[in-house]
Amino acid sequence: MTSDSVPSTSVGPASSAAASLSSSSSPMPAPRRAADPTTRRIGTIASMAFLALLLFMVAGIAGLALYGARHDSTVYQGVWAGSVDLSGMTEPEASAAIEGLWATYRDQPITIQAREQQFAVTPLGAGLAIDTESTVANAMNYGRDGSFWQRSQFWMTALMRGVTVPVVMVVDPEESVLAFDQLASQVERDPISASVQIDSNGMPQVVSEVDGIDVDQSASLARLLDVTAMMASGPIDLAMTIEPPSVAASTVADALPAVVAATERPLTVTAGEASWTLETADLRDMLTVDEATNRVVADPAKLTAFLTTIDDAVSQPVTNAGVIVNDMGRLEATPSAVGRAVDLDAAMPMVQQAIADGAGEVIIPVVVTQPLIADAVAAKAAADTDALLDAGIALQWEGGDAVLDRGALLRALTIKFNPLDTASPFNFGLDPDLITEALVTATAEWDRPVRDAQFRLVGGKVTLYKEAQRGRVVDTDGAADLILKAWGTPDPKVTLKVKSVNPKYTGADLKKIKLGEDILAEGGTWYGGSSGPRMQNVEVAAGLMSGWLIPPDGIFSYAEHIGPVDESQGFVTGFGVTQQGSDFVTSPVVGGGICQVSTTLYQAVFWSGLPIVERYQHPYYYKLYGESVTGLPGLDAMVNIDPIWTLDFKFKNTTGNWIAVVLVADGESVWSKIIGTDPGWEVQVADPVITNKRKGNEKMEYADSPELPLGQELVVETASEGFDVSLYRAVYKDGKLIDEYASANSFTPARNLTLRGTGPAQ
């Protein structure tokens, strides 16, 4: 920058004049003498010069004052912001000029040098922006502080030499860091210590060290700001620090002879009964020079990997002898095994020393761990327990006996292992829950279930249908503890108690039964178009199911009350839904059609408000069920009465009084009704919600049926769409919700299926 000091001005003549005036004011004037002509001329000239100088100074001061006044709202002449000349501009003009230049400058590349590398970064890309308001304020404030004489010196400096105020920059930290991170990624490097490498001839050579470089981003940004504040193009030097490596080439060179000696022959490492060899090439690849001791050492990571390979081959976990149940159901001892592992902590320095000495061979230690439980202990435990299993446990009770045999005891056998107890490490016991299950199975044939008396409407009169049966059962409560105590004794035997179970209702209760005459609800479905066998099955099922009484809080079971569905009860072969693999098909089956009776009863129960305990839907939607007088889509109940696989329909009597079910098949329709005392319930049923409709296959399919006479055809399935349907029922009494029932059903699209008879001709 140029000097902004105020130029000095001579004031000699003025001082002389002042001196003359001072002397003429003396009270004792000097005697007058005649003036010399030459002296008078000099005085005249001096006076004129003084007046001229005085006039010049006055004019200068007036001019400066006028200059300052003219630039009261503009930038003084000669003031620049960066590379923008703002002379005489107002604030808006200066702002526009700076913004205009910045709009171009911000995208211009600035060269950044890093030794031999060069990079280019734009101010905008480095996260820089201009603070125009502050920059213009700095320019406007130049020459406006201090006294008049101080301000005038600033004005003169700007006029004569020019002054530059820096552009005020704003930095976006994230963008700036990102830009310098990208530069640093191309410049920075970690220091690399000198090392020994093997050349193409297999000989060790010294590879010189390489300095590390770190970029000082803060200092680099400061340099960039200095350049951009002047809106210059650079170049600037990237601020870097040099990090020397820890090992110099001179250090490695001193150790080179030792490296050569250490790699002259292979190194054999022995662990236990096996050996591994590091060939000379492997050694050369592994060796390095320790910077602290200047000794030849194996790289710790590479040596650890090598020793770990040996340990993996040598290691064997210690295994205690145990007891298992073999495939034959016998207890068997499993053998123990000695544990082995390489002592890596001891092996590392041993191998390092062998490499440094060029020893050629080293034996590393293997740690051996003996098992706590010997084979003989496990073998004896297995044999003793096997004998206990073979003996079984005898059970006896009044009127019967049984044995918990080996199979039952083996299923309940537990083995707890305590390796710290080397004399008796195995504790054999029996699981109480599994023993109780075994007891129930062993005594099941002797147990007799309790059965309440069954009552039925016959000719409109309540009659005793079947007398009650008193139940008996072996008491298993606490029996598991007795068996556990007997387990392991010389003559294991347990005496159990027998409990009698009394029925809740007996024939004596017949006189107490009061059956109301209210019809709680009804159901009805049409079966008149069915085949002869199906009509017979429907009518037989309706007869078997009609008239049963259900006590308060009793649960009615369709399967229990209909009995076996076979020829002995009058059922014949009809067509019903059966499962074949994962598919349901309509095929001949004894009792085909009984689902219509369960469905009709289900509809009456549904509308009555009685709680549904168990119910299953058909795989297909049958319109004759859903569109019946009491039906809805999804209001069907499929049953399967089979000892092995049973689908039942059950409901509960919560009316507080006895109720009865009545079913009538009149050749056209099946009717069901629930009779009892009206409990005063309000049953509300929401409209069915049908979703996910799927179209059925309209094409007729045919299947052979040996149950039909030759040449006869029978349509057993009719195409219908599949869909999902939800039902909801709420039951209220005195305005209070007492029961809710929700049913979600998903029906598969049905097909058209005709059976063609292949049986004997009629």
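What to note about this one:
- Unit charges on C-beta of K, R, D, E only; dipole of segment 257-359, Debye: 140 debye
- Shape of segment 79-187, Cα gyration tensor, a/c cut at 1.5: prolate
- Prolate/oblate/rounded call for segment 667-762, Cα gyration tensor, a/c under 1.5 rounded: oblate
- Taking each residue as 0.36 nm, the span from GLU398 to GLU627 lengthens on full extension beyond its C-alpha to C-alpha distance by 76.6 nm.
- For peptides 272-283, 373-384, sequence by mean Cβ density within 10 Å, most packed first: 373-384, 272-283
- Only Lys, Arg (+1) and Asp, Glu (-1) charged, at Cβ; the chain dipole about Cα centre in debye: 2860 debye
- Net charge of Cβ neighbours under 9 Å - reference GLY212; Lys, Arg +1; Asp, Glu -1: -4
- Backbone geometry of segment 471-476 corresponds, through the Karplus equation with coefficients 6.51, -1.76 and 1.60 at θ = phi - 60°, to 3J(HN,Hα) couplings of x, 9, 7, 5, 6, 8 Hz, x marking Gly and Pro.
- Sequence-distant residues sharing a close amide H with TYR465 (under 5 Å, placed H): GLN454, PHE455, ARG456
- Local net charge near LEU128, Cβ-Cβ under 9 Å (Lys/Arg +1, Asp/Glu -1): -1
- Set of lysines with alpha-carbon distance to LYS736 below 20 Å, sequence-local pairs under 8 removed: LYS652
- MRE, 222 nm, helices only [DSSP H, n ≥ 4, -39500 (n - 2.57), over the chain, to nearest 500]: -10000 deg cm²/dmol
- Global geometry of segment 319-360, whether rounded, prolate or oblate, following the gyration tensor of its Cα atoms and the 1.5 cut on a/c: prolate
- Förster radius 22 Å - calculated FRET efficiency between ASN427 and ASP491 (Cβ-Cβ, nearest 0.05): 0.50
- Loop sites in segment 507-577: GluC sites (Glu not before Pro), DSSP, at most 12 other Cβ within 10 Å: GLU517
- The dipole here belongs to segment 514-759: it is taken about the Cα centre, uses +1 on the Cβ of Lys and Arg and -1 on the Cβ of Asp and Glu, and is about 360 debye.
- The ellipsoid that matches the Cα gyration tensor of segment 250-369 has semi-axes, each √(5λ) in whole angstrom, of 42, 12, 10, with the longest given first.
- Straight-line cross-link partners of LYS650 among the lysines, defined as a Cα under 18 Å from its Cα and at least 8 positions apart when in the same chain: LYS673.
- Relative contact order for the chain: 7 percent, from Cα pairs under 8 Å spaced at least 6 residues apart, divided by residue count.
- Amide H contacts under 5 Å for VAL613: LYS650, PHE651, LYS652, restricted to partners 5 or more places along the chain or on a different chain, H placed in the peptide plane at 1.01 Å from N.
- Residues of type aspartates and glutamates that LYS514 reaches as a straight line, Cα spacing below 16 Å, ignoring anything fewer than 8 places off in the same chain: ASP553, ASP678
- Projecting the Cα positions of LEU549, VAL165, ALA438 onto the charge dipole of the chain (unit charges on Cβ atoms of Lys, Arg, Asp and Glu, taken about the Cα centre) puts VAL165 furthest along the positive direction.
- Dipole-positive endmost among VAL731, LEU482, SER315 within the chain (Cβ charges, Cα centre): VAL731
- Unit Cα scatterers, Debye sum, the chain: log10 I(q)/I(0) for q = 0.05 Å⁻¹: -0.76
- Counted residue by residue at 0.36 nm each, then reduced by the alpha carbon distance between them, the extension gain from LEU510 to GLU682 reaches 58.9 nm.
Only the coordinates and a few stated rules stand behind these numbers; no lab work does. Since this is a predicted model, take the numbers as computed values, not measurements. Heads up, the Cβs are rebuilt from the backbone with ideal geometry, glycines too, and the neighbour counts pull from every protein chain shown.
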